[in-house]
Amino acid sequence: MDINNNILLQSDTNELEIVEFRVDEIDGNGKVVPCYFGVNVAKVREIIRVPEIRTTINPSPSIKGMIKLRDKVITLIDLAIVLNKNTDGIATDKVIVLEFNRLIVGVLVHSVSRIYRISWQSVEPPVKHASDSRITGVVKMENRIILLLDFEKIVGELCAADVMTELGQKQLEMSPVFDRSAKRILVADDSAFIRQTICTTLRNAGYKVDEAENGEEAWHLLNEKLARSRSANTDLRSEVDLLITDIEMPKMDGLHLTSLIRKESGFEGLPVVIFSSLASEDNKNKWKSIGANDILTKPDLPDLVSRADSLIQH
């Protein structure tokens, strides 16, 4: 199954399409319990039947092996093991091939059902302090709940858990020296794993950083900052100097957030950087037309601090 995954990323609709799939489990009575999950279509390259799997020597049991996909050999992740599910006797039927963060990986699932087009407003953030931090959103359907998985965290933990932090540290060693201590950046990203990495990099560079878990929360924070600056008759830069936002977020995505900022006269001088795993060249051009000042492709932390420096000092 080939997927056309670019349309919604080039428009300000605050919508997404998700591929629904199942990774079931066996309960204590030996019965199969259906478990529904979802992934943004924009991350899905294609869906195939399980091919021949080539075993590899890997310290993680979650790495099933490698598969050949035309001219590429890609890593295959056993999602049931990642999610700690007892799946004894349940056959895996499909591989969802994902492409993001300049990586291509396959994930084993039990079945794939259909694609849904929904509003980000319908995607609820997971319960705070939930035991499974791999969930970034919850979609409540009529007769089931679909959990959106944080594949950036999953793949990062398995393949390159420390890569982003290491890249960020290298950037700090090369960064130009100027006083960042009075500058404040707002970071909006629904993935706690990615958000923490970004914020740690910026704080280590000397910036003050505020955090938002989704676009709606970021929009509320920005309006609070605007109200305070107007009340004190000061420039908005006394409250915030830069916004760094992801695209995929519950309640409000980064494109809609950027569009709202550009429509509000009080935010005219606020630079916006989109930091996304989905930043293809076509998407970059469209996102700039919506109002983004700069766009970085995850996990491009080496450029994050220098780009922030440039926009803030402009």
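The values are calculated or read from the model by the stated rules, or taken from the named source; none is laboratory data. Predicted, not measured: the structure shown is a model, and the values here were computed from it. Glycine gets a Cβ as well: all are built from the backbone with ideal geometry, and neighbour counts include every protein chain shown.
Here's the yes/no breakdown for (1) surrounded by 11 or more Cβ atoms within 10 Å (Cβ to Cβ); (2) within 11 Å of Leu108 (Cβ to Cβ); (3) of a type in the set (A, V, I, L, M):
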{"position": "Ile18", "(1), (2), (3)": "yes, no, yes"}
{"position": "Asp27", "(1), (2), (3)": "no, no, no"}
{"position": "Pro34", "(1), (2), (3)": "yes, no, no"}
{"position": "Glu46", "(1), (2), (3)": "yes, no, no"}
{"position": "Ser60", "(1), (2), (3)": "yes, no, no"}
{"position": "Ile67", "(1), (2), (3)": "yes, yes, yes"}
**Request:** Please identify the pairs in which a residue from the stretch 36-65 that is over 21 Å from Asn84 (Cα atoms) has its Cβ atom under 6 Å from the Cβ atom of a residue that is surrounded by 16 or more Cβ atoms within 10 Å (Cβ to Cβ) and acidic (Asp, Glu), counting only partners at least 6 apart or on another chain.
**Result:** Asn40/Glu248; Val41/Glu17; Arg45/Glu99
**Asked** Any idea which of (1) among the β-branched types (Val, Ile, Thr); (2) touching a strand residue (DSSP E or B) at 6+ places or on another chain (Cβ under 7 Å); (3) buried (at least 17 other Cβ atoms within 10 Å of the Cβ) is the one Val82 doesn't satisfy?
**Response** (2)
**Request:** Answer yes if at least one residue in the stretch 109-125 is at pLDDT 90 or above and in a loop (DSSP other than H, G, I, E, B), and no otherwise.
**Result:** yes
**Prompt:** Which one of the conditions (1) over 18 Å from Gly291 (Cα atoms); (2) surrounded by fewer than 22 Cβ atoms within 10 Å (Cβ to Cβ) does Leu202 fail to meet, given that it meets all the rest?
**Reply:** (2)
**Item:** Single unsatisfied condition, Thr92 versus (1) more than 27 Å from Leu296 (Cα to Cα); (2) part of a strand (DSSP E or B)
**Value:** (2)
**Prompt:** Failed condition for Glu211, given (1) acidic (Asp, Glu); (2) part of a loop (DSSP other than H, G, I, E, B); (3) at pLDDT 95 or above, with all others met?
**Reply:** (2)
**Request:** Answer yes or no: is there a residue in the stretch 236-256 that is more than 19 Å from the chain's Cα centre (by Cα), over 24 Å from Ser122 (Cα atoms) and either free of Cβ contacts under 8 Å to residues at least 24 places away in the same chain or not assigned by TED's automatic domain parsing to the domain that holds Arg203 (or both).
**Result:** yes
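Results for (1) among the polar types (S, T, N, Q); (2) part of a strand (DSSP E or B); (3) closer than 18 Å to Leu148 by Cβ, shown as yes or no for each residue.
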position	(1), (2), (3)
Gly38	no, yes, yes
Glu46	no, yes, no
Lys68	no, yes, no
Leu76	no, yes, no
Lys85	no, no, yes
Leu98	no, yes, yes
Val107	no, yes, yes
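Are there any strands (runs of 3 or more DSSP E) wholly within the stretch 223-313 with 2 or more residues that are at pLDDT 90 or above, buried (at least 23 other Cβ atoms within 10 Å of the Cβ) and not basic (Lys, Arg), and if so which?
Details: elements: 242-245, 272-276, 294-297.
Output list reads 242-245, 272-276.
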**Prompt:** From the set of residues in the stretch 19-36 that are under 26 Å from the mean Cα position of the chain (by Cα) and among the hydrophobic types (A, V, I, L, M, F, W, C), which is nearest to Arg144 (Cα to Cα)?
**Reply:** Cys35
